[in-house]
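Enquirer: Attaching a single structure in structure tokens format; questions to follow.
The values are calculated or read from the model by the stated rules, or taken from the named source; none is laboratory data. Being a predicted model, the structure only gives us computed values, none of them experimental. Cβ atoms come from the backbone with ideal geometry, glycine included; neighbour counts cover every protein chain shown. Protein only, heavy atoms only, side chains kept; ligands, DNA and RNA dropped before computing areas. Shrake-Rupley method; radii C 1.70, N 1.55, O 1.52, S 1.80 Å.
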Amino acid sequence: METLRGVVERLTFQNPENGYTVAKVSGPRGLVTVVGPMAGVHVGASIEMEGVWTHHPRFGRQFKVENYRMVLPATAAGVEKYLGSGLIKGIGPVLAKRIVRHFGADALRIIDEEPHRLKEVLGVGKKRVAMIKEAWEEQRQIKEVMVFLQSHGVSTSLAVKIYKQYGDAAIGVLQTNPYQLQRDIYGIGFKTADKIARALGIPHDSLERVTAGVQYVLSQDTNEGHVYTPRKDLVQKAAALLEVPPERVEEAINRLKEEEQILVEEVESRPEEAAGLVLRESPAVYLTPMYYSEVGVATGLQRLNQAPVTLERTRLPAFQVFDWAQAFRHLRRQLGVDLAPAQRDAVKTALTHPVSVLTGGPGTGKTTTLRAIIRLLQAASATFALAAPTGRAAKRMSEVTGVEAKTIHRLLEVSPGQGFTFKRNAEHPLDVDMVIVDEASMLDVSLTNHLLKAIPTGAHLLLVGDVDQLPSVGAGNVLRDIIASDQVAVVRLEVIFRQAAGSYIITNAHRIQRGQMPLFPKDAEDFFLFPIEDVNAAADMVIELVTRRIPRRFGIPSADIQVLTPMHRGPLGVVALNQRLQEVLNPPSPHKPQRVQGGRALRVGDRVMQVRNNYHLDVFNGDLGAIVGVNMEMQTLSVDFDGRVVTYDWADLDELTHAWAISVHKSQGSEFRAVVMPVHTTHYVMLQRNLLYTGVTRARELVVLVGTKRAIGIAVRNKQVAERHTSLAERLREEWD
């Protein structure tokens with residue numbers, strides 16, 4: 001074993017899960033490559049390592065680290081690099097240079113022992129001194145958390161989040177109840193908490209561990225779209241995960257039930273099975289919020305739908321005594337089109353029924369129908385609100401209707417700092433006569449519940465969406481369940497209009513929806529297939545199409561091309577394609593500041609996506625934006641979301657992911673000029689008709705598939721929709737029968 005000391009010059013790779021790092025370190029032996037578990041090291045850090053020299057067949061001589069510790073730099077140059085790395089909030093590269101020029105190698109001691117003296121440095125005032133002092137102390141505390149985590153074999157990349165959540169009590173929480181982490185901190189799951197707990201000696205079958213494991217299984221199922229988990233499945237999954245007897249899991253379920261963390265709905269055997277009711281084979285176990293969300297959606301729809309439609313009760317009385325023939329003549333003059341019979345039926349249904357659904361594929365006239373409804377509402381001086389689940393969908397709704405649309409979160413006036421609460425609710429409802437929601441296939445039970453609470457009795461609700469698309473990212477299958485219940489007025493548009501019939505995007509979307517192979521004629525101008533068997537060659541072609549071929553042939557810039565892929569892993573997955581596209585479309589440059597975190601570089605110019613709802617920042621899961629600023633001094637990163645710039649602290653950067661390539665699921669509600677979509681047999685487990693259909697229908701001008709006809713055929717033939725455990729359709733039937 002040898003000892004090597006130096007300064008980290010560059011992080012080539014860092015795995016956020018296990019801390020495995022590849023770095024370039026400068027020291028007495030010059031610039032050397034070091035590899036090994038070094039969680040928490042950063043550019044500019046001075047480290048002392050114990051290890052052995054090895055020879056890698058591809059990368060040459062490397063120092064394999066067995067143990068390491070952070071040390072304070074001893075030279076002025078080392079101190080400047082350390083302070084300029086962005087580690088201390090309030091000190092960036094420019095100020096670091098000034099501080100070291102003034103204090104030399106003694107600068108760190110000054111910050112630690114005599115921070116008031118920083119005012120001697122040009123440009124440093126009282127506020128900046130206070131900020132640096134606080135940040136220095138915070139780093140000291142975070143290092144203690146990092147040392148604790150490291151000693152228990154856990155990645156230290158989450159230390160900042162843990163400290164920000166618990167402050168000086170962080171070590172105490174870690175020692176007394178590590179399972180609390182999975183409930184309190186985004187990014188920490190059961191497995192990380194369990195690793196700490198096991199290292200601390202918490203018994204394998206302790207009730208605390210088993211209850212945490214049960215909650216984890218329920219949360220994982222919720223993340224996969226299920227509203228509840230059958231009890232027998234829950235017991236089986238939790239017992240396998242935790243390696244404990246099923247009886248111990250049953251004890252944990254009973255405790256969680258007593259604590260009202262979960263609700264267990266017992267289901268009696270009923271003779272009404274022939275009526276189409278879904279009979280569960282096992283009691284349903286809900287996380288408490290999921291249960292009340294599903295029940296809330298059922299009762300909310302019942303309240304709206306069963307309100308007597310009389311002149312006295314409805315908020316749209318004009319349409320109960322209406323000359324529809326004259327209205328449609330008026331619309332023909334206003335819109336310049338003659339509505340088809342199904343479109344007229346949809347308009348009339350929406351304005352005369354308290355709750356209705358308008359569904360249909362691309363090119364069937366949903367937008368024209370929506371515009372007709374809006375024109376009649378305006379003519380009747382009715383008040384209405386347009387909304388969609390995502391910012392992109394709301395923006396598109398505004399563009400096609402000419403009327404402002406909001407995200408549902410903004411329509412309900414989400415309250416920053418108060419978690420999942422809204423100012424608009426049952427006590428303070430929306431003052432509108434009608435609410436129209438587009439892209440309703442994206443609605444999950446939780447958001448739908450909050451929306452329904454805020455709609456006053458007597459107002460109308462119209463849900464517009466394509467039920468053949470993928471279901472919501474969140475739990476539930478709201479649009480499909482409402483239609484399946486047969487309790488709400490539904491109009492389905494099926495005729496493709498002449499102006500859309502010339503588009504192979506629309507033609508093929510409908511062929512896919514019917515279970516037919518898409519067409520790839522030579523004269524097509526908007527739908528293509530590049531048949532490639534080899535997965536790596538297919539990945540190369542995706543990069544080539546986005547960066548060169550499509551911009552050159554169609555004049556569509558790379559910024560307007562979106563790669564959609566069914567999978568996250570593999571050469572054609574989200575992760576690998578994002579890395580490759582970033583290298584080509586936004587390579588590193590001295591003029592592009594970046595923040596390296598968790599083994600990835602978030603760089604000015606990068607396309608990114610928000611992956612969870614953040615009510616403090618008013619950004620939501622699926623929002624797409626571009627990085628426009630990285631401030632090393634203030635430890636912030638700024639993202640432009642369609643003209644609105646949001647500033648993130650570095651601790652929140654795990655909420656952002658690169659979006660040069662995104663999953664088809666995450667593309668819902670968005671529309672792009674061009675879509676490039678790999679469809680390969682390596683995606684076998686994800687090849688479903690509704691996934692291919694959803695990806696194709698995201699494109700406005702051009703679709704290019706890369707892969708094999710065999711893979712496309714598998715997707716087209718697989719009409720199995722991944723079943724989600726929901727009871728909404730059954731509840732609607734029960735409530736209203």
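Enquirer: I want to confirm something. Restricting to the range 319-352 and keeping residues that are outside any helix (DSSP H, G or I) and closer than 25 Å to G458 by Cβ, which single residue is most open to solvent (accessible area, probe 1.4 Å)?
Expert: This residue is V321.
Enquirer: Identify the residue in the range 395-408 that is in contact with a Leu (Cβ under 8 Å, 6 or more places away or on another chain) and free of Cβ contacts under 8 Å to residues at least 40 places away in the same chain and, among all such residues, is nearest to R700 (Cα to Cα).
Expert: Result: V400.
Enquirer: Among the residues of the range 250-267, which ones are touching a residue at least 24 places away in the same chain (Cβ under 8 Å) and either over 19 Å from Q180 (Cα atoms) or of a type outside the set (A, V, I, L, M) (or both)?
Expert: Those that are touching a residue at least 24 places away in the same chain (Cβ under 8 Å) and either over 19 Å from Q180 (Cα atoms) or of a type outside the set (A, V, I, L, M) (or both): E251, R255, E260, Q261, L263, V264, E265.
Enquirer: For the range 531-605, which strands (runs of 3 or more DSSP E) that fit wholly inside it have 1 or more residues that are under 29 Å from E633 (Cα atoms)?
Expert: Correct list: 594-597, 600-603.
Enquirer: Show the residue pairs meeting these rules: Cβ distance below 6 Å; 6+ apart or different chains; first residue within the range 25-37 and more than 24 Å from M146 (Cβ to Cβ); second residue open to solvent by 20 Å² or more (accessible area, probe 1.4 Å).
Expert: If the second residue must be open to solvent by 20 Å² or more (accessible area, probe 1.4 Å), the pairs left are L31/K24.
Enquirer: Let me ask something else about it. Name every residue in the range 278-318 that is modelled with pLDDT of 85 or more, open to solvent by less than 40 Å² (accessible area, probe 1.4 Å), of a type outside the set (A, V, I, L, M, F, W, C) and more than 22 Å from S219 (Cα to Cα), in order of residue number.
Expert: G300, N305
Enquirer: Could you check, for the range 222-243, whether at least one of its residues is in a loop (DSSP other than H, G, I, E, B), more than 17 Å from L287 (Cβ to Cβ) and free of Cβ contacts under 8 Å to residues at least 24 places away in the same chain?
Expert: no
Enquirer: Check L370, L411 and return the single one that is under 29 Å from the mean Cα position of the chain (by Cα), more than 19 Å from P456 (Cα to Cα) and not basic (K, R).
Expert: Among L370, L411, only L370 is under 29 Å from the mean Cα position of the chain (by Cα), more than 19 Å from P456 (Cα to Cα) and not basic (K, R).
Enquirer: Can you tell which of G570, G515, G555 is without any contact (Cβ under 8 Å) to a residue 40 or more places away in the chain and among the small types (G, A, S)?
Expert: Of the residues listed, the single one that is without any contact (Cβ under 8 Å) to a residue 40 or more places away in the chain and among the small types (G, A, S) is G555.
Enquirer: Looking at I506, is it closer than 25 Å to V467 by Cα and crowded, with 21+ Cβ neighbours inside 10 Å?
Expert: yes
Enquirer: Quick one: how many residues across the range 668-698 are in a helix (DSSP H, G or I), of a type in the set (A, V, I, L, M, F, W, C) and buried (at least 22 other Cβ atoms within 10 Å of the Cβ)?
Expert: Residues in the range 668-698 being in a helix (DSSP H, G or I), of a type in the set (A, V, I, L, M, F, W, C) and buried (at least 22 other Cβ atoms within 10 Å of the Cβ): 3 in total.
Enquirer: Taking the stated definitions as given, is T359 touching a Lys or Arg at 6+ places or on another chain (Cβ under 8 Å), among the β-branched types (V, I, T) and not in a loop (DSSP other than H, G, I, E, B)?
Expert: yes
Enquirer: Go over the candidates R270, R209, R248 one by one and state the one that is open to solvent by less than 70 Å² (accessible area, probe 1.4 Å), at pLDDT below 90 and either of a type in the set (D, E) or more than 20 Å from G476 (Cβ to Cβ) (or both).
Expert: From the options R270, R209, R248, the qualifying one is R270.
Enquirer: It is to be established whether one or more residues within the range 654-667 are open to solvent by less than 10 Å² (accessible area, probe 1.4 Å), more than 12 Å from I627 (Cα to Cα) and in a helix (DSSP H, G or I).
Expert: Looking for residues that are open to solvent by less than 10 Å² (accessible area, probe 1.4 Å), more than 12 Å from I627 (Cα to Cα) and in a helix (DSSP H, G or I), one finds at least one in the range 654-667, hence yes.
Enquirer: V145: touching a Leu at 6+ places or on another chain (Cβ under 9 Å), buried (at least 18 other Cβ atoms within 10 Å of the Cβ), outside any helix (DSSP H, G or I) and among the β-branched types (V, I, T), yes or no?
Expert: So V145 fails the test.
Enquirer: Follow-up. Taking P203, is it open to solvent by less than 10 Å² (accessible area, probe 1.4 Å) and outside any helix (DSSP H, G or I)?
Expert: No.
Enquirer: Another question, if that's okay. If you go through the range 615-628 one residue at a time, how many are open to solvent by less than 20 Å² (accessible area, probe 1.4 Å) and either of a type in the set (S, T, Y) or free of Cβ contacts under 8 Å to residues at least 40 places away in the same chain (or both)?
Expert: 3
Enquirer: Mind telling me which of the residues V41, V22 ends up being touching a residue at least 24 places away in the same chain (Cβ under 8 Å) and β-branched (V, I, T)?
Expert: After applying the criteria, what remains is V41.
Enquirer: If you check G458, G402, G419, which single one turns out to be under 27 Å from A484 (Cα atoms) and at pLDDT below 95?
Expert: G458
Enquirer: As an exercise: evaluate R511 against (1) in a loop (DSSP other than H, G, I, E, B); (2) surrounded by fewer than 19 Cβ atoms within 10 Å (Cβ to Cβ) and give the number of the one condition it does not meet.
Expert: (1)
Enquirer: Oh, and also: Have a look at E701, E734, E730, E723 and point out the one that is open to solvent by 10 Å² or more (accessible area, probe 1.4 Å) and assigned to a loop (DSSP other than H, G, I, E, B).
Expert: Among E701, E734, E730, E723, only E723 is open to solvent by 10 Å² or more (accessible area, probe 1.4 Å) and assigned to a loop (DSSP other than H, G, I, E, B).
Enquirer: Could you figure out which of (1) open to solvent by less than 10 Å² (accessible area, probe 1.4 Å); (2) modelled with pLDDT under 95; (3) under 30 Å from Q175 (Cα atoms) isn't true of N223?
Expert: N223 satisfies all of (1) open to solvent by less than 10 Å² (accessible area, probe 1.4 Å); (2) modelled with pLDDT under 95; (3) under 30 Å from Q175 (Cα atoms) except (1).
Enquirer: Give the range 411-436 a look and list any residue that's without any contact (Cβ under 8 Å) to a residue 24 or more places away in the chain and farther than 29 Å from P317 by Cβ, or say none.
Expert: T421
Enquirer: Let me ask another. Go through (1) over 10 Å from A387 (Cα atoms); (2) open to solvent by less than 10 Å² (accessible area, probe 1.4 Å); (3) not small (G, A, S) and name the single condition V432 misses.
Expert: Of (1) over 10 Å from A387 (Cα atoms); (2) open to solvent by less than 10 Å² (accessible area, probe 1.4 Å); (3) not small (G, A, S), only one is false for V432: (2).
Enquirer: Among the residues of the range 445-481, count how many are in a strand (DSSP E or B) and not hydrophobic (A, V, I, L, M, F, W, C).
Expert: 2
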